[in-house]
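Engineer: To start, I am sharing the structure in question, which I have written as structure tokens.
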Amino acid sequence: MRIVLDRAKCTGIGICESLAPTVFEVDDRGELVVLAAEVPEGALDEVTEAVEGCPAMALRLEP
């Protein structure tokens, strides 16, 4: 699955980073960096939780 970020919606709060730190990181400027374009093997549950937990609805998964 592919991780898609809508930068216009992202507020950089970092909930996704706290739920899936191997995939998401908020940089020093407060901008979200997606560390993997595809969901890494074994990380689907935490990435799904991060996507669903995004208050700005800035993340989605695509097949």
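Coordinate-derived values only; no laboratory data. Worth saying up front: this structure is predicted, and the values here are computed from it rather than measured. Cβ placement follows ideal geometry from the backbone for every residue including glycine, while neighbour counts extend to all protein chains displayed.
Engineer: Going by the conditions given, is Ile3 in contact with a Gly (Cβ under 7 Å, 6 or more places away or on another chain) and among the aliphatic types (A, V, I, L, M)?
Structural biologist: no
Engineer: Mind listing whichever residues of segment 48-57 are in a helix (DSSP H, G or I) and of a type in the set (A, V, I, L, M, F, W, C)? Spell out the reasoning first.
Structural biologist: The first filter runs over segment 48-57 and keeps only residues in a helix (DSSP H, G or I), leaving 48-53.
Hits for segment 48-57 are Ala50, Val51.
Engineer: Something else: Yes or no: Asp45 without any contact (Cβ under 8 Å) to a residue 40 or more places away in the chain, closer than 24 Å to Pro63 by Cβ and of a type outside the set (Ser, Thr, Tyr)? Break it down stepwise before answering.
Structural biologist: Working: without any contact (Cβ under 8 Å) to a residue 40 or more places away in the chain: yes; closer than 24 Å to Pro63 by Cβ: yes; of a type outside the set (Ser, Thr, Tyr): yes.
Yes; evaluated as a whole, the condition is true for this residue.
Engineer: In this structure, is Ala50 surrounded by 14 or more Cβ atoms within 10 Å (Cβ to Cβ) and small (Gly, Ala, Ser)?
Structural biologist: yes
Engineer: Mind listing whichever residues of segment 12-63 are among the basic types (Lys, Arg) and out of contact with any strand residue (DSSP E or B) (no Cβ under 7 Å at 6 or more places or on another chain)? Full working, then the answer.
Structural biologist: Going through segment 12-63, the residues among the basic types (Lys, Arg) turn out to be 29, 60.
Within segment 12-63, Arg29 is the sole residue that qualifies.
Engineer: Under 9 Å by Cβ, and 6 or more places apart or on different chains, what pairs join a residue from segment 52-63 that is closer than 14 Å to Lys9 by Cβ with one that is acidic (Asp, Glu)?
Structural biologist: Close Cβ pairs (under 9 Å, with a partner that is acidic (Asp, Glu)) amount to Ala56/Asp6; Met57/Asp6; Ala58/Asp6; Leu59/Asp6; Leu59/Glu52; Arg60/Asp6.
Engineer: Return the residues of segment 18-31 that are within 17 Å of Glu62 (Cβ to Cβ) and not aromatic (Phe, Trp, Tyr); say none if nothing qualifies. Talk me through it step by step, then tell me what you get.
Structural biologist: To start, the set of residues in segment 18-31 that are within 17 Å of Glu62 (Cβ to Cβ) comprises 20, 23-24.
Once the filter is applied, which keeps residues that are within 17 Å of Glu62 (Cβ to Cβ) and not aromatic (Phe, Trp, Tyr), segment 18-31 yields Ala20, Val23.
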